[in-house]
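What follows is a short report on a single structure.
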Amino acid sequence: MIPNDQILPVLVNINNTEILVRLLLPKDSFVEMTKMLHLSYRQLAEMGMRFMATHQDEEVTRSRALTNALCIVAIAESKIIGTITVNFPGWTSGTAFYEQSHVSHFGQFAVIPEFQKSGLGSILLNIAEQLAFTAFGATEIALDTSENAHHLLDYYTKRGYRFIEYVQWDVTNYRSKTLSKSREDYLRLLH
């Protein structure tokens, strides 16, 4: 759990590994982050889903991490092992829901396979939600994922996300479901 009085940086120990969760720094490598994204999304690619993070290049990684957003990274043994990018409200385009001035969006969310299901992803998402609702002033935080990624849809539903709309992106081979969580649900689930 993240202390209520501190968003970042956070030091956690998972599987006997010390992990520093912090904002992306200029010294961080987009080559390394891109390789980590490809590795983390490999299972989804093997299931036939062409998520952007399965094949994007370094420039796409850089753009997604730095454009109208804050990028959070998890570092262990000087390597990026997880990331999430949370966009400022109203700065994501592509759907009418995302473009609303009170909606923050997150993406490029990944944890290397060795740390999946360890709680690290939940720590990253907790921080993204906290940033969106407290620092950014959003009243909704949203994401989109494949309608065929049932394990991801279940994960987000258990965290209080609800279905908003379907969207078909030009860069994917599947229809996406947009999910969102309200600030009210965020606060209710904290207690």
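Any read-out appearing in this document is the output of simple, stated calculations on the displayed coordinates, not a laboratory observation. Because the structure is a prediction, the values reported are computed rather than measured. Heads up, the Cβs are rebuilt from the backbone with ideal geometry, glycines too, and the neighbour counts pull from every protein chain shown.
General observations
- Backbone HN-Hα couplings from phi across the range 11-22 [Karplus 6.51/-1.76/1.60, Hz, Gly and Pro as x]: 10, 10, 10, 10, 6, 6, 10, 7, 10, 9, 9, 8
- Sites T67 and E99 - FRET efficiency at Förster radius 22 Å, r taken between beta-carbons, to 0.05: 0.90
- Cα-based radius of gyration for the range 115-182, normalised by 2.2 N^0.38 Å, reads 1.17.
- Where labels lie 7 Å past Cα in the beta-carbon direction, separation of E59 and E184 in nm: 4.5 nm
- Computed extension length for V31-R175: 49.0 nm, one decimal, from 0.36 nm per residue of separation with the Cα-Cα distance subtracted.
- Candidate lysines - alpha carbon under 27 Å from K158, same-chain residues fewer than 8 apart omitted: K117, K177, K181
- Potential lengthening between E77 and K158 on full extension [0.36 nm per residue; Cα-Cα distance subtracted]: 26.0 nm
- Of I127, I141, I164, the residue with the greatest mean-square motion in the GNM of the chain, using alpha carbon springs below 10 Å, is I164.
- Equivalent ellipsoid semi-axes - Cα gyration tensor, the chain, angstrom: 22, 21, 16
- Debye intensity ratio in log₁₀ form over the Cα atoms of the range 91-150, taken at each q of 0.15, 0.26, 0.27 Å⁻¹: -0.53, -1.11, -1.14
- Shape annotation for the range 12-67: C-alpha extents along the principal axes are 34, 29, 15 Å, from largest to smallest.
- Sorting V111, V86, V12 from the fewest to the most surrounding beta carbons within 10 angstrom yields V12, V111, V86.
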